[in-house]
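Here the structure comes first, spelled out in structure tokens, and everything after it is commentary.
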Amino acid sequence: MIILRNIKIPYDKDQKFLREKIEKEINKKDFNFKIHKKSFDARKGLNFVYQVVIDLELDDIEMKIQKRLKNNLAAFEEEKLEVENKNKIESAVIVGTGPAGLFAAYLLAKKGVKVTLIERGKAVDERVEDIDQLHKTGVLNEESNVQFGEGGAGTFSDGKLTSRSKDKRMGHIFDIFVDHGAPEDILYEQKPHIGTDILRDVIKNMRKEIESLGGVYHFSEKFLDFELDDGKISKIITDKGKYQADAYILALGNSARDTFRTLDKYDLLESKPFAVGFRIEHLRRDIELAQFGMTSDKLPAATYQLNVTDKDFDHSVYTFCMCPGGYVVNSSSIEGQLCVNGMSYHDRDGKNSNSAVVASIDEKIYGQGNLAGMDFQNKIEKKAFDLGGGKAPVQRLRDFIDGRVTEKLGEVSPTFIPGYVFADLNQIYPESINRAIKNALKVMDKRVKGFASDDAILTGVETRTSAPIRIKRSDYRTEKFQNLYPIGEGAGYSGGIISSALDGIKCAIEILEGDKKC
Ligand code: FAD
């Protein structure tokens with residue numbers, strides 16, 4: 001097989017045009033090809049740029065064409081994930097069924113390990129009902145919500161499947177997604193996206209396969225503590241029983257605050273910087289105009305990623321988890337506290353686009369101690385809840401800058417349900433954070449025209465951008481307990497669906513093939 005790169009196609013042309021262009025480039029007619037990568041380039045005109053894999057060999061291509069295409073044509077070999085259960089591991093208990101736990105469990109089960117998954121939240125379908133109730137009535141179920149339940153925090157998300165990692169094993173994660181119901185385009189899109197609607201089915205299909213391989217799920221069951229024998233973990237204790245296994249994986253996510261308190265007593269934690277801020281909403285149309293100069297359903301979703309570091313301010317500020325055509329959702333897991341995040345459906349056709357605008361913070365803001373960042377999150381989320389009286393506190397961007405409570409909305413309406421109230425968001429964070437965000441908004445407006453428009457909407461608060469702690473590990477294990485594997489975002493080693501899934505896969509490989517210590 002060969003790979004041909006850098007094939008530029010105007011945004012409004014179809015696959016037939018792509019085939020004709022490939023035929024012309026390699027001067028061949030009789031071949032099959034599949035798209036390997038597809039990206040979008042708005043620098044000179046609006047073009048999709050393809051890499052395609054063709055079922056021909058280099059020798060099939062005329063030498064003068066090989067010379068002409070020398071930078072863009074090469075032999076190609078598919079990556080294979082070859083893993084063996086060299087350590088003869090028989091059983092593993094996995095706490096948490098988010099991407100990290102799910103993908104670790106999936107690979108272990110595939111390799112003949114008996115996996116037991118402990119999940120404090122409910123299975124996806126029941127979880128959907130609890131979240132619908134939260135959206136309709138504002139009543140939160142503390143164990144079944146946007147953070148807790150089958151599939152983890154990403155289940156009710158935008159389902160962006162992007163990651164900065166260049167690890168070749170990432171391709172297998174996308175293959176597994178597709179094998180369980182995700183659309184094939186995630187295999188090659190530069191910014192793959194699946195949406196909460198499709199992601200939920202993928203998660204259920206993966207569960208069915210894990211169960212068919214002998215895996216057992218325990219929903220609505222919470223990991224509470226360890227049972228120790230001679231300084232080693234001999235069992236884990238849940239609110240419903242005890243479990244023994246060769247390996248124990250903790251894939252807790254960044255919201256398991258009660259569990260972090262338990263782990264702290266074993267000296268397994270250290271504090272880690274994270275970021276806090278607000279969700280910002282614009283009209284989707286305005287972001288498309290700013291990014292492409294036009295709107296068209298043939299163009300990809302218009303996104304941005306902005307970063308401002310200014311030495312005159314104490315915090316760098318960046319946008320995060322951008323959801324084109326998405327909605328702002330209540331992502332709290334604690335009664336009397338509020339935090340928000342963004343989600344979207346596969347079609348991304350909502351009226352607004354949103355993202356988090358967050359400022360990096362460290363112990364200068366939240367103080368010293370392993371759990372100081374987490375305590376700060378709790379304090380901020382309580383303030384936000386109180387400021388909104390249980391609803392989301394919302395402010396027009398101009399009013400945030402001027403420090404007055406909004407009286408009337410402009411062009412942009414908040415998407416948060418079940419409701420919002422106007423409030424002055426300046427009251428939530430320490431002044432240095434507000435100042436840094438205000439300054440950054442102005443700079444960001446220069447990069448995406450209209451970003452700091454008066455009518456943009458800010459909703460409070462975005463606090464769970466990543467874990468405020470790290471569970472110390474080396475070779476995926478804790479030093480203290482060699483059969484304990486903390487992974488994913490809650491352990492502080494990933495951020496996002498794909499990097500968490502990858503951490504899960506790598507941990508499973510370590511358990512199966514690494515130096516056997518458990
Ligand atoms: P989690 O997904 O948080 O899973 C942890 C699991 O552990 C949870 O199911 C929890 O119930 C369970 N658990 C915790 N404590 C216990 C216990 N004591 N006992 C039993 N079970 C326990 N990322 C992206 O890449 N793209 C996006 O579009 C995106 N959008 C998001 C939108 C929202 C609304 C949210 C909240 C997050 C979004 N993220 C997104 C972030 C992404 O979801 C997380 O990075 C990812 O889910 C982390 O994976 P994880 O497996 O490490 O943890």
| Top positive-direction residue, dipole computed over region 109-232 with Cβ charges, set 113, 134, 151 | 113
| said: Here is the link list: 34/446; 44/311; 136/351; 379/438. Which ones come out longer than 28 Å on Cα distance? | reply: 34/446; 44/311
| field | Paramagnetic label zone (point 7 Å from Cα along Cα-to-C-beta, residue 296; backbone N under 16 Å) in region 345-365 | value | none
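For the residues 257, 279, 127, what sequence is obtained by ranking on other C-beta atoms within 10 Å, fewest first?
On the way: 257 17, 279 31, 127 25.
Ranking 257, 279, 127 by Cβ neighbours within 10 Å, fewest first, gives 257, 127, 279.
Tell me what the chain gives for mean residue ellipticity at 222 nm when only DSSP H runs of n ≥ 4 count, each as -39,500 (n - 2.57), the sum divided by the residue total, rounded to 500 deg cm²/dmol.
Numbers: 13 runs with 150 residues, N = 518.
Value at 222 nm, helices only: -9000 deg cm²/dmol.
Pairs of Cα atoms under 8 Å, at least six residues apart: use those to get the relative contact order of the chain, whole percent.
Working: 1163 pairs, mean separation 95.2, N = 518.
Once normalised by length, the contact order is 18 percent.
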| task | Using only the alpha carbon atoms of region 442-496, find the Kirkwood hydrodynamic radius as the inverse mean reciprocal pair distance, in angstroms to one decimal. | result | 14.5 Å
| note | If N is the residue count of the chain, its Cα Rg over 2.2 N^0.38 Å rounds to 1.02
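Based on the Kirkwood radius over alpha-carbon pairs, what is the Stokes-Einstein translational diffusion coefficient of region 2-75 at 20 °C with 1.002 mPa s viscosity, in µm²/s?
Working: Rh = 12.6 Å.
D, rounded to a whole number, is 170 µm²/s.
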| task | Mind grabbing the base-10 log of I(q)/I(0) for region 110-219 at q = 0.19, 0.22 Å⁻¹? Debye formula, identical points on the C-alpha positions, no solvent, two decimal places. | result | -1.06, -1.23
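Hey, could you grab the Kirkwood Rh for region 229-312? Inverse mean 1/r over distinct alpha carbon pairs, Å, one decimal.
Answer for region 229-312: a Kirkwood hydrodynamic radius of 18.7 Å.
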| field | Dipole moment magnitude, nearest 20 debye, region 273-462 about Cα centre, only Lys, Arg, Asp, Glu C-beta charged | value | 280 debye
| Counting DSSP beta bridges with both partners in the chain, what percentage is antiparallel, nearest 5? | 75 percent
| Can you give the direction-averaged projected area of the convex hull of the alpha-carbon atoms in region 13-152, in nm²? | 15.2 nm²
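Which loop trypsin sites (Lys or Arg not before Pro) in region 375-419, with loop taken from DSSP, have no more than 14 other Cβ atoms within 10 angstrom of their Cβ? Don't jump to the answer; show the numbers that get you there.
Numbers: sites: 379, 382, 383, 391, 396, 398, 404, 408; in loops: 391, 404, 408.
Answer by residue number: 404, 408.
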| note | Going through 160/382; 21/166; 122/222 one by one, the pairs whose alpha carbons sit over 18 Å apart turn out to be 160/382; 21/166
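Indicate the helices, whole DSSP H runs only, in the chain that combine a mean Kyte-Doolittle hydropathy of -0.5 or more with a Cα extent along their long axis of 15 angstrom or more. List each step's numbers first, then the result.
Working: long enough: 15-26 (17 Å, -1.22); 99-110 (16 Å, 1.18); 124-137 (19 Å, -1.19); 195-212 (26 Å, -0.71); 372-388 (24 Å, -0.62); 431-447 (25 Å, -0.76); 497-513 (24 Å, 1.16).
For the chain, where a helix must reach 15 Å along its axis and average at least -0.5, the hits are 99-110, 497-513.
Using packing as a proxy for protection, rank 92-99, 342-349, 451-458 so that the peptide with the highest average count of other Cβ atoms within 10 Å comes first. The partial results should precede the final answer.
On the way: 92-99: 29.6, 342-349: 19.1, 451-458: 21.8.
By packing density, highest mean first, the sequence is 92-99, 451-458, 342-349.
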| query | Using r as the Cβ-Cβ distance of residue 480 and residue 1, and R0 as 35 Å, what FRET efficiency do you calculate, to the nearest 0.05? | reply | 0.15
| said: Projecting each Cα onto the charge dipole of region 438-505 (Lys/Arg +1, Asp/Glu -1 at the beta carbon, about the Cα centre), which of 484, 465, 440 comes out farthest on the positive side? | reply: 440
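Of all chymotrypsin sites (Phe, Trp or Tyr not before Pro) in region 8-59, which ones are in loop regions per DSSP and have a Cβ with at most 15 other Cβ atoms within 10 Å?
Values: sites: 11, 17, 31, 33, 40, 48, 50; in loops: 11, 31.
When the chymotrypsin sites (Phe, Trp or Tyr not before Pro) of region 8-59 are filtered for loop state and at most 15 Cβ neighbours within 10 Å, 31 remain.
Since every read-out is calculated from the coordinates, none of them should be taken as a lab result. Just so it is clear, the model here is predicted, and its values are computed rather than measured. All Cβ positions, even for glycine, are placed from backbone atoms using ideal geometry, and neighbour counts span all protein chains on display.
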